[in-house]
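The values are calculated or read from the model by the stated rules, or taken from the named source; none is laboratory data. If you're wondering where the values come from, they're calculated on a predicted model, not measured in any experiment. As a convention, Cβ positions derive from the backbone with ideal geometry for all residues, glycine included, and neighbour counts pool all protein chains shown. Side chains included, ligands, DNA and RNA excluded: accessible areas come from the protein's heavy atoms. Shrake-Rupley method; radii C 1.70, N 1.55, O 1.52, S 1.80 Å.
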Amino acid sequence: MRKVDLCLSSEGTEVILATSSDEKHPPENIIDGNPETFWTTTGMFPQEFIICFHKHVRIEKLVIQSYFVRTLKIEKSTSKEPVDFEQWIERDLVHTEGQLQNEEIVARDGSATYLRFIIISAFDHFASVHSVSAEGMTVSNLP
């Protein structure tokens, strides 16, 4: 089985929920594979988005590129619907003035059909997520 970036829209992945939306910076930008585009929060925290893989996947490594994110929590679900999320990863990110935060996470027990990313707090009134990539493989298609 080949390892791919499971979080690309070209792999069939979708952002099915985001708590804020700006028409110039929609949540779909997180998974479009273009480093120039991003999703931005519209103030107030926490903010979240949910990624749906439309299949069972096993994630080995996550890379999140963001700006001004202070605390990030990631939950996962293996259900057919976006329910029954369980706490998976929580990280305090380092503020990087003038450049993107590039957070690499080696994943343990990375089986999922959905991921929920919750930005608990930020270093400013707004934060942005430029990309999420998940290195791993498809385990099975959903019935």
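Some notes on this structure:
- Complete set of residues in segment 96-143 that are among the charged types (D, E, K, R) and more than 13 Å from S66 (Cβ to Cβ): E97, R108, D109, R116, E135
- Candidates G98, G43: the one that is without any contact (Cβ under 8 Å) to a residue 24 or more places away in the chain and among the small types (G, A, S) is G98.
- Sub-8 Å Cβ pairs linking a first residue in segment 101-124 that is under 22 Å from M44 (Cα atoms) to a second residue that is in a loop (DSSP other than H, G, I, E, B) and polar (S, T, N, Q), at least 6 apart or interchain, are I119/T41; A122/T41, ordered by first then second residue.
- Inside segment 1-15, residues that are under 14 Å from the mean Cα position of the chain (by Cα) and open to solvent by 80 Å² or more (accessible area, probe 1.4 Å) make up a count of 1.
- Meets criteria (under 28 Å from E23 (Cβ atoms) and surrounded by fewer than 21 Cβ atoms within 10 Å (Cβ to Cβ)) for I64: no
- Residues of segment 84-110 satisfying the condition of being open to solvent by 90 Å² or more (accessible area, probe 1.4 Å) and polar (S, T, N, Q): Q87, Q99
- Where a residue in segment 22-39 is free of Cβ contacts under 8 Å to residues at least 60 places away in the same chain and its partner, wherever it lies, is in a loop (DSSP other than H, G, I, E, B) and open to solvent by 60 Å² or more (accessible area, probe 1.4 Å), with Cβ under 7 Å and at least six apart: D22/T42; P27/S21
- Odd one out for V69 among (1) within 30 Å of N141 (Cβ to Cβ); (2) under 14 Å from the mean Cα position of the chain (by Cα); (3) among the aliphatic types (A, V, I, L, M): (1)
- Top-ranked residue of segment 22-44 - restricted to ones that are closer than 20 Å to R70 by Cα and open to solvent by 60 Å² or more (accessible area, probe 1.4 Å), ranked as farthest from the chain's Cα centre (by Cα): M44
- Here F117 meets the list (1) aromatic (F, W, Y); (2) within 21 Å of D22 (Cα to Cα); (3) in contact with a Phe, Trp or Tyr (Cβ under 8 Å, 6 or more places away or on another chain); (4) open to solvent by 20 Å² or more (accessible area, probe 1.4 Å) almost entirely, failing just condition (4).
- Matching strands (runs of 3 or more DSSP E) fully within segment 52-143 where at least 2 residues are more than 24 Å from F38 (Cα to Cα) and of a type outside the set (G, A, S): 86-92, 128-141
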